[in-house]
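A short write-up of the structure that comes next.
The values are calculated or read from the model by the stated rules, or taken from the named source; none is laboratory data. Keep in mind the model is a prediction, meaning the values are calculated, not measured. Neighbour counts are summed over all protein chains in view; Cβ atoms, including those assigned to glycine, are modelled from backbone coordinates with ideal geometry.
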Amino acid sequence: MSTRFLAIFALILACASVPTRAQDGAAPFDGDLQRLAEILGGLHYLRGICGSNEGNKWRSEMQALIDAETPAGERRTRMIAGFNRGYNGFQQTYRTCTPAATVAIRRYIEEGSKISRDLTARYAN
């Protein structure tokens, strides 16, 4: 699992190294960041109900992503909304950990890692 976290960390570094943009100007990778935010929100909820004892780990990963990207205005709002959408979507579906929730966790970790790797490969200096 440490390679997954390394991939997220690499994404954070890649986002931090992208040249500064206009405050509300969209970055070419904003769609991917919003999807990653949604994945982090889903993981925050699902890992909690599945007894991972990670506390606020995924919320902290989201905060690190926001801190690295430093979005303002509408960009920030969209990233936070993505996280909340991911969290709320699973909260409405799952009350306890089920085999399907475990599959969703695995798929989200895989998808988040892929997004992180792709963004890092494309935008890192």
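Table: residues versus (1) surrounded by 15 or more Cβ atoms within 10 Å (Cβ to Cβ); (2) under 26 Å from Pro28 (Cα atoms); (3) modelled with pLDDT of 95 or more; (4) under 17 Å from the mean Cα position of the chain (by Cα).
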residue: Lys57; (1), (2), (3), (4): yes, no, no, yes
residue: Thr70; (1), (2), (3), (4): no, yes, no, yes
residue: Arg76; (1), (2), (3), (4): yes, yes, no, yes
residue: Asn88; (1), (2), (3), (4): no, no, yes, yes
residue: Leu119; (1), (2), (3), (4): yes, yes, no, yes
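Among the residues of region 88-103, how many are in a helix (DSSP H, G or I) and either touching a helix residue (DSSP H, G or I) at 6+ places or on another chain (Cβ under 6 Å) or under 20 Å from Glu69 (Cβ atoms) (or both)? Adding up the residues that qualify gives 3. Restricted to region 90-117, and to residues there that are of a type outside the set (Ser, Thr, Tyr) and closer than 18 Å to Gly31 by Cβ, the residue that is nearest to the chain's Cα centre (by Cα) is Gly112. When we screen Gly86, Gly82, Gly112, Gly73 for residues that are of a type outside the set (Asp, Glu) and in contact with a Phe, Trp or Tyr (Cβ under 8 Å, 6 or more places away or on another chain), the only hit is Gly86.
Just one of the listed residues (Arg117, Arg122, Arg85, Arg78) is farther than 16 Å from Arg35 by Cα and assigned to a helix (DSSP H, G or I), and it is Arg122. Going through Met62, Met1 one at a time, which residue ends up being crowded, with 17+ Cβ neighbours inside 10 Å, aliphatic (A, V, I, L, M) and modelled with pLDDT under 95? Exactly one residue qualifies, and that residue is Met62. The residue that is surrounded by the fewest Cβ atoms within 10 Å (Cβ to Cβ), counting only those in region 29-55 that are more than 15 Å from Val103 (Cα to Cα) and without any contact (Cβ under 8 Å) to a residue 24 or more places away in the chain, is Asn53. Evaluate the following for Lys114: is it surrounded by fewer than 19 Cβ atoms within 10 Å (Cβ to Cβ), within 11 Å of Leu40 (Cβ to Cβ) and either β-branched (Val, Ile, Thr) or without any contact (Cβ under 8 Å) to a residue 24 or more places away in the chain (or both)? Here the answer is no, as Lys114 does not meet what is asked.
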